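First comes the structure, then the notes that go with it.
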Amino acid sequence: MKCSRCLLPLVRSGRTAAQRCALLPSTSQLIVQHNEQQQVLRYFRCSPASAKRGPVPAQFVKEDEEKGTKSLATKEDLFEQVAKEYKTKDTFNKVIDVFTKRDIRRRGHVEFIYAALKKMSEFGVERDLSVYNKLLDVFPKEVFVPRNFIQRMFNHYPRQQECGVELLEQMENYGIMPNTETKVLLVQIFGEKSHPMRKYQRIMYWFPKFKYINPFPIPQPLPEDPVDLAHLSLTRIANDLDARITIYQLPCTDFTESGEEIKLPHIIGIQSPSQMELLAKHNPEKPVFVEGPFPLWLRKTCVYYYVLRADPIPLEEKVEEPYDPERCFDYPLQLDLDLDRDLGDDESFDVDDLDEGPVFAMCMTSQGDQATLNQWISGLQQNNPILGKVPTLFRLDAGTQELQGAADTEPGYRHQAHPEAQREEAQPAEDPEAVVEEESRRSHGMKQ
C-alpha cells in the first residue's frame, strides 16, 4: 500500500511535466532574430520543471560600453531638461530630488553623481557643503557596508567607493571642510572601515592645520565692486599698515556738450609716509617713471596695477644714514656680535645685490591710458609738490592683451576690466643717440 501511494504522486508529476513540454515550443519552432548590426540573439532553454523565466538574449561587450556612455549622457541631459532657463542652487537640488524619487533602488546613482560633480560649477554650487551632503544622500544606505573582514580586505563595492572618494576630493580641492552630517552619511553608506571614511579622516586632520597658515588670506568671495577690489589688491601689495589709500576718481558716466556719453574710469592710489619721504629727497633733475600694467592674480581673478618709480641711486650719490638703536626695541635692525671663528670657517659670501630703485606710489585703474594716469600724477602733486618740478615719463606696455588672450582659453578664469595700455599718437623720429640713451636707462631699471 505504501509503495502504491508513493507511485501516485510520481505519475501525476510525470503527466504535468509532459503537458508542460507539450506547451513549450520545440527547437525547430524557435525563431532566430537578427538585430540592425546583423548580430544573432540566441535563446537558452531550461528544463521544463524549472523553467520560470522567459528567454534571456545574449549580451555583447560593446553593448555594455555603449550603455555606460549613454547612461552618463542621459544623466547630464537630466540637468539640462530640469534647469533650462535658470541654473541656481534650487534647480540643482530639484534635479537631485527628481532622480531620487524616480527609482527607490537608485539605479544609476554612480553615473548621476559623476555627472552632478561636473555640473556643479555651472550652477555655482561647487563651494556649498549642503549640496555635497545631498549628493552623498543619493547613495543607497547600508548596502555597501562590508559584513566581514574578507569583504573589507578585498575592497567591497570598489566602484561605489571610488565615486565617494572622488566626491570628497572635489570638496578638498575647493577647500570645503566636511561636517558631522558628512561623517554620518559616510558611515551609513560605506561603513567605518572604508576608503571614503579614511579620506574623510585625512581631510579632518589636515584642514584645521592649514586653515590659518596664510598670513595674508584672500576673502571668499571676492568683492565684485571694482573700487573695493582695487582697495583690497593695493593693500595686499603694499603690506604697510601706515600706507594710505586715496580715491582720485570714482567710475561714473558723463555727457559732453554734443550729447556724447563718456564713461570715466576709477582711479585708486596708495602711498605710505616712507614713500613720501623718499620722493621728497629725489633729485629734481632726474625723471620718474610710470610703469605698467603689472598683473596680480587673486584666485581666478586678474587685476592690473601701475607704479611710480625711479632709477637706482648711483653708489657715489648714496648717503648712509646713521643707525638709530631706539627705532625698534623688539627686533634690532643691526647686530654687532664678536663671535669666535674657526680656521676652517669661510667668511666670504656669494651674494648678488640688485638695487631695483625706489617705488614712490602705486595705483589701479580700469583704463590705463596716459590721460588717465596723468590724472593720478596730478592728484599725487597735492601731497608731493616735488612732482611739479620732476619730469615724468610713461613706460606703458601693451603685453596684457597677450596675457588675457592666453588666460581666456582656460575655463574658470576671468579678468577684471582690462586696462587699455595704449600709447599716444606716434611721435616723429628721434635722434639715434637719444634712443641709445633711453635704452641704456631702461636697462638699469627693473620692473617689479
Starting from the range 76-96, keep only residues that are within 14 Å of F112 (Cα to Cα), then list their pairs with residues that are among the small types (G, A, S) and in a loop (DSSP other than H, G, I, E, B) whose Cβ atoms are within a distance under 9 Å, requiring at least 6 positions of separation or different chains. F92/A83; F92/G124; K94/A83; V95/A83
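Okay, residues lined up against (1) at pLDDT below 90; (2) of a type in the set (A, V, I, L, M, F, W, C); (3) closer than 30 Å to R236 by Cβ; (4) within 22 Å of the chain's Cα centre (by Cα):
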position	(1), (2), (3), (4)
Y114	no, no, no, yes
E126	no, no, yes, yes
L129	no, yes, yes, yes
L168	no, yes, no, yes
V187	no, yes, no, no
R198	no, no, no, no
R202	no, no, no, yes
Y212	yes, no, yes, yes
List pairs: first in the range 181-197 and in contact (Cβ under 8 Å) with a residue 40 or more places away in the chain and of a type outside the set (G, A, S), second open to solvent by less than 50 Å² (accessible area, probe 1.4 Å) and not in a helix (DSSP H, G or I), Cβ under 7 Å, 6+ apart or cross-chain? I189/F139; I189/F144; F190/F144; F190/V145; K193/P146
Which of the residues spanning the range 227-244 are without any contact (Cβ under 8 Å) to a residue 60 or more places away in the chain, surrounded by 15 or more Cβ atoms within 10 Å (Cβ to Cβ) and either in contact with a Leu (Cβ under 7 Å, 6 or more places away or on another chain) or under 23 Å from I386 (Cα atoms) (or both)? V227, A243
Mind listing just one residue for me: the one in the range 246-276 that is among the aliphatic types (A, V, I, L, M) and surrounded by 15 or more Cβ atoms within 10 Å (Cβ to Cβ) and, of those, farthest from the chain's Cα centre (by Cα)? M276
Residues that are under 30 Å from K141 (Cβ atoms) and among the β-branched types (V, I, T): find the helices (runs of 4 or more DSSP H) completely inside the range 166-264 holding 1 or more of those. 180-190, 195-210
Could you say whether any residue in the range 102-114 is out of contact with any helix residue (DSSP H, G or I) (no Cβ under 7 Å at 6 or more places or on another chain), at negative phi, in a helix (DSSP H, G or I) and surrounded by 16 or more Cβ atoms within 10 Å (Cβ to Cβ)? yes
The range 130-155 residues that are assigned to a helix (DSSP H, G or I), paired with ones that are surrounded by 18 or more Cβ atoms within 10 Å (Cβ to Cβ) (beta carbon under 6 Å, 6 or more apart): V131/V125; Y132/M171; N133/T182; K134/I96; L135/I113; L135/A116; L136/L185; R152/P146
Members of the range 81-99 that are touching a Lys or Arg at 6+ places or on another chain (Cβ under 7 Å) and open to solvent by less than 40 Å² (accessible area, probe 1.4 Å): N93, I96
In the range 359-384, residue most open to solvent (accessible area, probe 1.4 Å) [restricted to those that are modelled with pLDDT of 90 or more and in a loop (DSSP other than H, G, I, E, B)]: Q382
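The values are calculated or read from the model by the stated rules, or taken from the named source; none is laboratory data. Treat the numbers as computed from the prediction; the structure is a model and nothing was measured. With ideal geometry, Cβ positions are generated from the backbone for all residues, glycine too; neighbour counts draw on all protein chains shown. In case anyone asks, the SASA skips ligands and DNA or RNA and just uses the protein heavy atoms, side chains included. Shrake-Rupley method; radii C 1.70, N 1.55, O 1.52, S 1.80 Å.
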